[in-house]
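Student: I am attaching a structure below and will ask some questions about it afterwards.
The values are calculated or read from the model by the stated rules, or taken from the named source; none is laboratory data. None of these values were measured; they are calculated from a predicted model. FYI the Cβ positions are ideal-geometry reconstructions off the backbone, even for glycines, and counts take in every protein chain you see.
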Amino acid sequence: MRNLLNYILRNSTWFLAILLIAFSIYLVFKHNSYQRSVYLSSANRVSSRLYGVSSNVTSFFNLKRNNNELLERNAELERSVQLLKKHILTLTADTSTIEAFTLDSIVPTQFEFIPADVVNISISKFNNYITIDKGSIDGVAPDMGVISTAGVVGVVRNVSKHSAVIIPIINPNFRLGAKLKDSDNFGSIAWDGSNANEAQLREVPKHEQFAAGDTVVTGFSRIFPEGIIIGYTKEMGVSTDDNFNTFNINLATRFQTLSHVLVINDKYHRERVELETSIK
């Protein structure tokens with residue numbers, strides 16, 4: 001206490017000066033409307049910026065939760081789309097049947113969608129891969145298809161309890177049946193290793209007509225529902241067979257910015273594979 005008193009006495013001149021300056025400032029703003037308005041305006045700007053910074057910080061820490069909510073919503077919307085497609089096909093097959101439609105009024109879709117975050121990705125190598133943060137405890141298994149909000153991503157190759165590795169379209173080991181959207185002629189998707197934004201639609205019959213920008217979608221597949229977007233035709237490619245065409249396509253999924261995916265759980269996949277294997 002004595003040291004504190006000695007410190008105050010030694011610096012009493014400074015403390016007195018500070019008090020006088022503060023009192024003078026108070027009198028200036030108290031009795032002068034212009035200076036008071038300037039002060040209030042400046043204080044409002046400062047407080048507004050502080051509130052803005054605080055809001056941005058709060059939003060940043062909520063991004064993870066918001067992203068997860070959006071992924072869950074995307075998964076539910078994708079499931080609804082598959083239900084609607086199935087119902088439309090049913091009505092088309094039997095046009096004499098008219099019934100009220102709700103998502104729960106028909107047989108549940110065979111596809112479920114598991115949202116996941118990308119935790120590692122390779123796009124500059126030849127054998128590219130993607131690692132996600134969902135594994136076997138989340139229902140992910142090998143040979144499940146993977147899509148983004150834009151289109152096809154790849155196929156699950158290896159799975160651990162909490163993670164999974166995906167072979168993307170931009171990997172030479174990836175193969176998938178595909179077709180032009182309004183065509184009945186099927187080809188296959190492959191990647192020549194030259195560009196992470198492009199792939200090739202191969203083995204398309206020579207008579208197939210196309211225009212730049214035509215949509216390329218999944219065809220009959222063990223892994224993907226039919227009609228999932230893969231990309232868009234760009235130009236004729238180099239074909240190794242005179243009976244077939246090859247098209248270069250722009251991929252719908254942009255792997256450079258890919259951060260979230262949906263893993264497709266086909267509930268009938270194992271049953272179908274076992275049935276087909278039994279006759280070999």
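Student: I'd like to verify a number: residues in the range 241-280 that are part of a loop (DSSP other than H, G, I, E, B) and among the charged types (D, E, K, R), how many?
Tutor: Final tally of qualifying residues: 5.
Student: I would also like to ask the following. State yes or no: is Glu235 in contact with a Leu (Cβ under 8 Å, 6 or more places away or on another chain) and charged (D, E, K, R)?
Tutor: no
Student: Take Glu274 and decide whether it is acidic (Asp, Glu), in the same structural domain as Ser124 (by TED's automatic domain parsing), under 22 Å from the mean Cα position of the chain (by Cα) and surrounded by fewer than 16 Cβ atoms within 10 Å (Cβ to Cβ).
Tutor: No: the conditions fail for Glu274.
Student: Checking the structure you have, find out if any residue of the range 159-169 is of a type outside the set (S, T, N, Q), over 17 Å from the mean Cα position of the chain (by Cα) and more than 25 Å from Glu112 (Cα to Cα).
Tutor: Within the range 159-169, not a single residue is of a type outside the set (S, T, N, Q), over 17 Å from the mean Cα position of the chain (by Cα) and more than 25 Å from Glu112 (Cα to Cα).
Student: Select the strands (runs of 3 or more DSSP E) contained entirely in the range 184-240, then report the ones holding at least 2 residues which are polar (S, T, N, Q) and surrounded by 16 or more Cβ atoms within 10 Å (Cβ to Cβ).
Tutor: Answer list for the range 184-240: 215-218.
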